[in-house]
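A.B. asks: This is the structure I want to talk about, given as structure tokens.
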Amino acid sequence: MQATKANGEASRPRGSFNALIDRMYVFSSASMASFVAHMPASDPPCDECRRRRSGNPCICREVDKVGKAAPYVLAEVKESKERLNDTKSKLDVVDLELWKKHTRKTEMTGEVVNECRKRLGDGGSEPEMVTHAWCKMYEMLSCCQLIPEYVASKGAVNTIHLCECPGAFIAATNHYLKQGQHGRLARIKWNWHAISLNPYCEANNLNAMIDDDAFYRETYHSWLKGADGTGNIISRENIEHLWDHTSRARPPATTLADLVTADGSVDSQWDANEQESITASLHFAELVTALGVLAPGGSFVIKLFTLFEHTTLSIVFCIAAFFEEVAIVKPSMSKYGNSETYAIGLRYKGIRSVFLRQLTRAVRVDGFLDTAIIPRSWIPQEFYDQYVAAARQFAQWQEQTIKNNLNIWNEGGVRQNEEQQLREAKRKFAYMWMQKFNIMPISPSDRIAYWAQGKRLTGAQPNTTREKPRQKVQGLQQDRMDHKLAYDDLQIARKKKYERQSNGASMGEFFTLDYHPSSSSSSIGKRPRDGSSSSSQDTPDSNPDSSSHDSKRQKVDGVNGVSGGGDGPSYSAAARKMMAKMGHQEGQGLGVDGTGMADALDVQARQGRKGLGADLSFERPKWFSLLAMDDGTSDLFGSLRKDLNSQEYHNWWEQSKQMAPTSLQLSKFATDLEPLIRARHVAPLTLPPMSMADMLMKESSPPPNTPTVDTDFPLPPYGAADLACVLRELKTRKQQHTNASFSFWRSYLDLNPREGFPTVWLLKRHGATGRVLYRLHDVDEDTVLKRLNGYQGLGRVEVARRVHYSTSAYKALQKMVEDAGARQECDLVVMDACAMLSHWREVAHTELIERLLLIAPLVQALNALRSSGDLVIRLRSTVTRFTAGLLLVLSCGFAEVAIYRPPTLPHWTSERFVICRDYQTAGFTQMECLREAMFKEKLGATFIPETVPPHFYTKKPFIDWLMDANDTLMDQEAKDINAHGTSSATKHTADPSQPSPPATSPWRDVPEDKRRDDCNDFLTNDIRLDDWLHPSAPSVQPSPTPAARKPSRAKRPPEESPALPPTQKHELQAEFSDDEGDTPNKRRVERQDTNQLEEGQGGGEDGEGGEGDEDDKGGEQHDDGDFGVGIGVDDHGEEEEDMGVEPEEPQYDVEDQEDNYFDEGDDAKGSSAAGDADDLLAAT
């Protein structure tokens, strides 16, 4: 079997276009008239044109018609369009994946890429990023003189590449220039910039882009991202941003482009017949961008598709009007069965600013369904006739190729005996193609980015996180359309909900727990399926996309329901047709008598990279260590540490516009966010407790209107059990890898705690000394300090300070730590970056909006930690570049970093803990500068999307660890959320605008006391936290409280000195009253065999006990000299023997006590103290 050649001939190539490309149409110069000749001049001229007297006619009023003219139909190509679409429609019932396999066998160009990599790869000099796109660009460079002749005299060539990812056009241009340096391009300096949908930007739609980022990452600083960081040029703001950084920069001679390429497209597999209309907005934006950045005499290449619509006619006419030579070509490496063509314009003539300004205003996102770009009356008939001829010719070529492939398909496909002949023919074609375009090897040093992830960038693996191309929805045309419309429904519902929340109606925007949730579900942002409007807010006019979207929806609804609809069947169009042929009616049960199952099986898509049967539970932390890497991968640690030490990170942070949480659509650190986003948006408005973790959260949270630091809770405060699980894992890890004799942390800092102060509640019971910096605005510091010291346990809280992170610069944050006496003094820092108890529906709401709650406490945490200290961070999510970069920096500063969700924490909350073991004092300066950068612009919104460059956070060891952790956690979360509703939240079976009815909680009618007993039983028997939540003895010996500094000479009256009676068994009752005179809060502490007990009530620096070491300071004095209540107990003897520690004799320095407590001139006071000290020694 041989490949057939389509009938018909193109116009004869001429001028700058040679005959090496077979399928080409060149427009005659006579047809390429300017706009001015076909538009009426403004009469009278405007004041500006009259003032300039340039000699050009005034067109300022006439150009206002651009983008506003009435749409029109190209009647002359209507027949060709219908015939081609009829041929394409025959593929609607063919599985797309099978069809691709079939055409790969029949396509003669199939071996060109492999042969290029192999033949040009001798000696390790293979070209980079060799793909079909690379070959297409090289063809056009060789045949169309895209590099202007004047660059040889200029000595430099500037190129700009639009919609360029993954970077093949750039790599092909580089190879062409380097290979041509033996001729007219010798010693030419090449400068390039590019813009494309940012593969790392969370706001980009993964279904509308190519996220292959290997080349993008290695050349990151040469890519422009636009004002909003997306790289989307269908935005006037981003077009202006690109011009500001190129053509408007100074001097313009070095920034204007000699060549502009535009290779953009939009996924249109869901409606292949409308590909030209779907991509019209993108192609017009590419044209406008190029016209504003090209140098006079420059060249332009833009991808187009079929030539049937008025939008494409307008684009090609603009090229003809502003360039001296124009052609439409289809390179031989462009598959003949698709609609792809390229329009080429040579020798740019320039454009009047008034026209370019109006073209920019015409850029729009939703296509040109109701308007035309250029009025039909402006287009000369001679040019129009040639355009129609070109449209018919390329349509005929494509139609013939599809028919040939269909004939082979209908005959059973390529036969086995023909496959070998085809392979030989393809190899021969590849060899001839390389000879035809004279492609030769270049030096390895001439490559742009030689290495990526330790591999050469050959184009075979263009993605840093996937080894294979991303799998899109395939199947039939109907299946692809169902998926597209379901995804669009989800995004529209998210935006409507967020808009209502921004306007004050926050109902349904975050989850709450309730044993008796309302069964009524609110249709927040719901758009009726029939296109009608239930309220003025839901009319099509309120949404710019509604008209086109609803029209597509009506087309789908005509086929017995929608997979993405609310009540329709969840199986595909192919399955419906198959069932209908066998006599099945929808809604009827299976079997002869119709008594079988009536509903299709609910398919749950597996997320992540784990196989079936793999245990997805997250019972243990997932640890990651940069320090433990071998020499082959330690370059990540070394490079990041080098940039931190040299302070090169100041250039890392590119500011962009604030991104709304509803914009989140992708994450480089998770396989797929869509299932989780959909699950969260179809979940009930109020979640019923369905697990023990849910009930523990509900019962242990402070009741409404309860004082935020009240200690009278029947269960540990919310978060205490979670922290206990985390510290248990951390302690085990430290004993295994650092110090087998490690027992507990002696001092800690609690940053940004939530209500109930769970960290203090837990660690005080273990005898640790703590300091607290909190954000609770309704409780004063003295009240907090008194109540925290009223918690049960022998530990102390020495300082409680209220902080305001939103207004504090990093130096002020440092001072807070110093004032608290915690600078480099803490063994453990616990910070809560999600202290607000609102659990938002949006996956990364806190991560995008409240990131200051992460950065500000982190600066303080690294200030407070001593060497080998540990850090525990509570987070909502870890899916953005900002958080991933911080995790990477932390992994440079700690021996190990782990992500962990304890079994006491409900999965649906999306919360998790980041555990950092053994601080190595690195990365602190970077945190300081990042904090300062976030406040650089005081008057405007400053949004820093990433904290380290992509070539750091996409390194394989790190990104694999983070992806694995996120995929596991998100899989748990989606399943947990689905369990709280009565309907499943799979991709196509749930309406995101209609929350699911809640399920029934198994504890709905259980008495409150029984629920709390179940929680205690869960903590004690299932999680085994009894020794952590209720220790029988402190984990560390209580620290003494020597003087942090010499007190002032003004001392308290002698009668306030504490009495220290000796005792062998003592029961202490401490009473505290708040400032409002509430009922005292009483706590009892019983200790056996107590050798000494000192009670200091306010201002004292007494309380020495334990081992009596002056350097072992259990706390420091407040600025106001008030500790509140401090308890120091010496527990030597029996308890230390139980721990295997030989008891030591307590030592007391009476003279030192006298010097600390008493004024030298106060004899009465001194003698009294001496007597108390004698009594103390006698007692011991």
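The values are calculated or read from the model by the stated rules, or taken from the named source; none is laboratory data. Computed from a predicted model, the values in this text were never measured in an experiment. Every residue, glycine among them, receives a Cβ derived from its backbone with ideal geometry; neighbour counts consider all protein chains shown.
A.B. asks: Pick from region 238-261 the residues that are under 22 Å from Phe169 (Cβ atoms) and part of a helix (DSSP H, G or I): which of them is modelled with the lowest pLDDT?
C.D. replies: Taking region 238-261 as the starting set, the residues that turn out to be under 22 Å from Phe169 (Cβ atoms) are 238-239, 241-243, 245-247, 254-261.
This time we only want the ones that are part of a helix (DSSP H, G or I), so: 238-239, 241-243, 245, 254.
Numbers: Asn238: 93, Ile239: 94, His241: 91, Leu242: 92, Trp243: 92, His245: 86, Thr254: 60.
Taking the candidates together, the pick is Thr254.
A.B. asks: Which condition breaks for Gln398 when tested against (1) crowded, with 20+ Cβ neighbours inside 10 Å; (2) touching a Ser or Thr at 6+ places or on another chain (Cβ under 8 Å); (3) at pLDDT below 90?
C.D. replies: All conditions are met except number (3).
A.B. asks: Return the residues of region 350-370 that are over 36 Å from the mean Cα position of the chain (by Cα) and of a type in the set (S, T, N, Q); say none if nothing qualifies.
C.D. replies: Keep residues of region 350-370 that are over 36 Å from the mean Cα position of the chain (by Cα), which gives 350-355.
Within region 350-370, just Ser353 meets the criteria.
A.B. asks: Next up: Given Ala809, Ala856, Ala768, which one is buried (at least 24 other Cβ atoms within 10 Å of the Cβ), modelled with pLDDT under 85 and in the same structural domain as Thr732 (by TED's automatic domain parsing)? Walk me through how you get there before you give the answer.
C.D. replies: Numbers: Ala809 fails: buried (at least 24 other Cβ atoms within 10 Å of the Cβ); Ala768 fails: modelled with pLDDT under 85.
The unique qualifying residue is Ala856.
A.B. asks: Let me ask something else. Would you call Thr289 surrounded by fewer than 24 Cβ atoms within 10 Å (Cβ to Cβ) and polar (S, T, N, Q)? Step through it out loud before you land on a result.
C.D. replies: Numbers: surrounded by fewer than 24 Cβ atoms within 10 Å (Cβ to Cβ): no; polar (S, T, N, Q): yes.
Criteria not met by Thr289.
A.B. asks: Only residues that are part of a loop (DSSP other than H, G, I, E, B) and of a type in the set (Val, Ile, Thr): list them for region 832-863, please. Before you say what the answer is, go through the steps one by one.
C.D. replies: Let us first name the residues in region 832-863 that are part of a loop (DSSP other than H, G, I, E, B), namely 833-838, 841-844, 850-851.
Once the filter is applied, which keeps residues that are part of a loop (DSSP other than H, G, I, E, B) and of a type in the set (Val, Ile, Thr), region 832-863 yields only Val843.
A.B. asks: Name the pairs: first residue in region 415-442 and closer than 18 Å to Met333 by Cα, second residue of a type in the set (D, E, K, R) and modelled with pLDDT under 85, Cβ to Cβ under 7 Å, at least 6 apart or on different chains?
C.D. replies: These pairs meet every condition: Met434/Arg119.
A.B. asks: In region 726-756, how many are surrounded by 24 or more Cβ atoms within 10 Å (Cβ to Cβ), in a loop (DSSP other than H, G, I, E, B) and modelled with pLDDT of 90 or more?
C.D. replies: 1
A.B. asks: State whether the residues of region 865-873 include one that is modelled with pLDDT of 90 or more, crowded, with 18+ Cβ neighbours inside 10 Å, in contact with a Gly (Cβ under 8 Å, 6 or more places away or on another chain) and in a strand (DSSP E or B).
C.D. replies: no
A.B. asks: Has region 772-789 got at least one residue that is under 21 Å from Cys916 (Cα atoms) and modelled with pLDDT of 90 or more?
C.D. replies: At the first step, the residues of region 772-789 found to be under 21 Å from Cys916 (Cα atoms) are 772-773.
With the extra rule that they be modelled with pLDDT of 90 or more, the set shrinks to 772-773.
Yes - at least one qualifying residue is present in region 772-789.
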